[in-house]
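Structure record follows, encoded as structure tokens.
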6 protein chains.
Amino acid sequence: MSDRPQDPRHQRGLELMNEIDPADGGRMLDEFAAIAPDLGRFLVEFAFADIYSRSVLSLRERQFVRLAALAAMGVGGAPMRANINSALNVGVPVSDIAETFIQCLPYAGFPRVITAMEQLKAIVEERPDQD
Amino acid sequence: MSDRPQDPRHQRGLELMNEIDPADGGRMLDEFAAIAPDLGRFLVEFAFADIYSRSVLSLRERQFVRLAALAAMGVGGAPMRANINSALNVGVPVSDIAETFIQCLPYAGFPRVITAMEQLKAIVEERPDQD
Amino acid sequence: MSDRPQDPRHQRGLELMNEIDPADGGRMLDEFAAIAPDLGRFLVEFAFADIYSRSVLSLRERQFVRLAALAAMGVGGAPMRANINSALNVGVPVSDIAETFIQCLPYAGFPRVITAMEQLKAIVEERPDQD
Amino acid sequence: MSDRPQDPRHQRGLELMNEIDPADGGRMLDEFAAIAPDLGRFLVEFAFADIYSRSVLSLRERQFVRLAALAAMGVGGAPMRANINSALNVGVPVSDIAETFIQCLPYAGFPRVITAMEQLKAIVEERPDQD
Amino acid sequence: MSDRPQDPRHQRGLELMNEIDPADGGRMLDEFAAIAPDLGRFLVEFAFADIYSRSVLSLRERQFVRLAALAAMGVGGAPMRANINSALNVGVPVSDIAETFIQCLPYAGFPRVITAMEQLKAIVEERPDQD
Amino acid sequence: MSDRPQDPRHQRGLELMNEIDPADGGRMLDEFAAIAPDLGRFLVEFAFADIYSRSVLSLRERQFVRLAALAAMGVGGAPMRANINSALNVGVPVSDIAETFIQCLPYAGFPRVITAMEQLKAIVEERPDQD
């Protein structure tokens, strides 16, 4: 999956990605491997290694920040799925993810919160480890 | 400031507003008292009493959710100022607010994060209790 | 559908929802009943009882406001469907809904107007009462 | 102000602009006369002559559509000012403009509604004909 | 497809549309022919004849502007598909379209760029003339 | 201005920044040096070194992509100013920048294009080298 085995920043990003969400992360890298391989590389090196790996906020807090930003921007699809799965994978309960979206209501409005919640619902129904 | 002293929901919202950010909250209520008094009322009753007062997430976590949502939406002005002040008032350090915006970079992009950070910087320079 | 039969605000919202769009409204409440029951409750109590039930603007005018806001924000999916159905249910003709979107062209641009119009078209084709 | 006196579409747009808001309209045309004269021309010919002059919805209803679209998009500045002034000029009362913004709350959220309302307040304070 | 054969602006727009993307353009006109025929007309006359036909920037440069604007706004669906197809039709290579989206990363963030790239990938897989 | 003299990626970004827009770039780094030094670092290393320095598109084309993305997102303030100045600095004429914004009209709508054009106008009036 990685063609830059000797770059420490790349390795750090890849390790974090594989630790918190190998399925969605790997799918994204594979998806763009032919058409835009650098998109996956920047995701690994910037989004994961440079930003996500910072430990000023706790891992749980970083999840809330990401979920709130995505919900407020009206982002659905693969990026929202990957972040909901990441949050579940590191132990954030479904009820706290739902609450993050509820807390966005006064800022982002109902339509965007409903869109986010529909995706959370779809993921919870797919994953046998959540109820 | 309140014309609904006997409504418990209104009172709960007003108390929370006065506890975490009386200056910005009061200014907002006063500002629209003549032109749209219900806007301030809904802010107190929905944003504060219905949503913000929920304790599923910790108060600190709710601040991160709000700050991330506002930064990601490109919201500046009075609403962003009020939320940065609220976070500082309840003890979130400047460095954690700045980090919340940094964590939004891969999602919301540099321009919106820069806008949010400019407002944080302006507030920190105004408040003698922060350094 | 309601677990708060004695709350007058909840009842007022539920009655308005059932009057103008029982199908979409009920589906939304059911959809989140397990994962985030308060989202449906806030929709009923804030969006319907607090805001939508206000009669400063006529019901027809409120429909135009809602449809324009959703189209301009690029909101599709269930929230747009519910608002198009509500407008049709209270007697706004298809041509006036289409015109609302057309009037948004100089502000929101073609892509968002096209997205809104596609959804209007899909609904009109589904509903036997419209032509 | 117009360099296309013989184009009937241009004339129709210019007449409508001068009828509902000559001050803001003229300012916009003058502002970009040197740097991008076609921007003012397209505003006159597309926004005014092609779209705004359509009479499927009443003039009052068209104002609500425009104000809602702008508030929902978070648009402030000159375009929002021009639309608030237009609405006041054609007889929409301040309270109905404020209500339009209030009706956007569940969709666009508090920050964008507050931004719109601040601009309405500033305009009302400037105009001696409104109270 | 056109009911305004004698309007030169309409003809100019239609010719340009048919030159760069007859398939998507025709589909859009047909789609709204019954419900909102003027939407297709404005697309032809404003988007194509007034704006797109201007030759201040080269055709290739205009493609980059359009693709960047759409990606940054989070626009997918038919409008993005039509613009990607137009770019391919006039000879912009897949790698330059992908690069346009990559260049948007620091401004629009990963989620919107990923959404745009997914659509590019889907189109490339459908078109036998691209690899 | 740089505390990472030995990092080649940082150096590459800094050189590019200084080459195309030392004034705005330096101001941004200084502005956040105390409150969030990593924001300036990521701007240099990701926005400039990783993305902007790529030469798949010509420098002139990359300017159009950036200006279109910012205009379409409604971004004003320091980020838009820096990008307009960069474009002027590398020889893009004022008329081509204005045209980039005009080309965004059908996608992003008049209000966002007007906001961008106002900023272009303000910069042109400030700079003695442009007319």
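Going by the structure shown, is B:Phe48 of a type outside the set (A, V, I, L, M), under 18 Å from D:Met117 (Cα atoms), at pLDDT 95 or above and out of contact with any Phe, Trp or Tyr (no Cβ under 6 Å at 6 or more places or on another chain)? Judged against the criteria, B:Phe48 is not a match. Considering only the range D:65-84, I want to know if a residue exists there that is more than 19 Å from F:Thr115 (Cα to Cα) and in contact with a helix residue (DSSP H, G or I) (Cβ under 8 Å, 6 or more places away or on another chain). Yes; the residues of the range D:65-84 include at least one that is more than 19 Å from F:Thr115 (Cα to Cα) and in contact with a helix residue (DSSP H, G or I) (Cβ under 8 Å, 6 or more places away or on another chain). Being at pLDDT 95 or above, away from chain B (no Cβ under 12 Å) and farther than 26 Å from D:Gly74 by Cβ holds for only one residue in F:Gly40, F:Gly91, and it is F:Gly91.
Within the range F:6-24, is there a residue that is at the interface with chain B (Cβ under 10 Å from one of its Cβ atoms) and either in a helix (DSSP H, G or I) or farther than 27 Å from E:Arg62 by Cα (or both)? No, the range F:6-24 contains no residue that is at the interface with chain B (Cβ under 10 Å from one of its Cβ atoms) and either in a helix (DSSP H, G or I) or farther than 27 Å from E:Arg62 by Cα (or both). Name every residue in the range A:25-46 that is assigned to a helix (DSSP H, G or I) and open to solvent by 30 Å² or more (accessible area, probe 1.4 Å), in order of residue number. Those that are assigned to a helix (DSSP H, G or I) and open to solvent by 30 Å² or more (accessible area, probe 1.4 Å): A:Arg27, A:Asp30, A:Glu31, A:Pro37, A:Asp38, A:Arg41.
Any residue that is closer than 30 Å to A:Ala108 by Cβ, within 11 Å of another protein chain (Cβ to nearest Cβ), in contact (Cβ under 8 Å) with a residue 60 or more places away in the chain and out of contact with any Cys (no Cβ under 7 Å at 6 or more places or on another chain) - is there at least one of those in the range D:68-82? For the range D:68-82, residues closer than 30 Å to A:Ala108 by Cβ, within 11 Å of another protein chain (Cβ to nearest Cβ), in contact (Cβ under 8 Å) with a residue 60 or more places away in the chain and out of contact with any Cys (no Cβ under 7 Å at 6 or more places or on another chain): present.
Output the residues belonging to the range B:68-81 that are within 16 Å of A:Gln103 (Cα to Cα) and within 8 Å of the chain's Cα centre (by Cα). Selection gives B:Pro79, B:Met80. Scanning the range A:94-117 for residues that are facing another protein chain (nearest Cβ under 7 Å) and among the charged types (D, E, K, R) gives A:Asp96, A:Glu99. For E:Ala49, the stated conditions hold: it is small (Gly, Ala, Ser), surrounded by fewer than 24 Cβ atoms within 10 Å (Cβ to Cβ), touching a residue at least 24 places away in the same chain (Cβ under 8 Å) and more than 12 Å from chain C (Cβ to nearest Cβ).
From the list E:Ala33, E:Ala23, E:Ala49, the lone residue that is over 12 Å from the mean Cα position of the chain (by Cα) and more than 28 Å from F:Val75 (Cα to Cα) is E:Ala33.
The values are calculated or read from the model by the stated rules, or taken from the named source; none is laboratory data. Quick caveat: nothing in here was measured; it's all calculated off a predicted structure. Methodologically, a virtual Cβ is constructed for each residue, glycine included, from the backbone with ideal geometry; neighbour enumeration extends over all protein chains shown. What goes into the accessible areas is simple: the full protein's heavy atoms, side chains included, and nothing from ligands, DNA or RNA. Shrake-Rupley method; radii C 1.70, N 1.55, O 1.52, S 1.80 Å.
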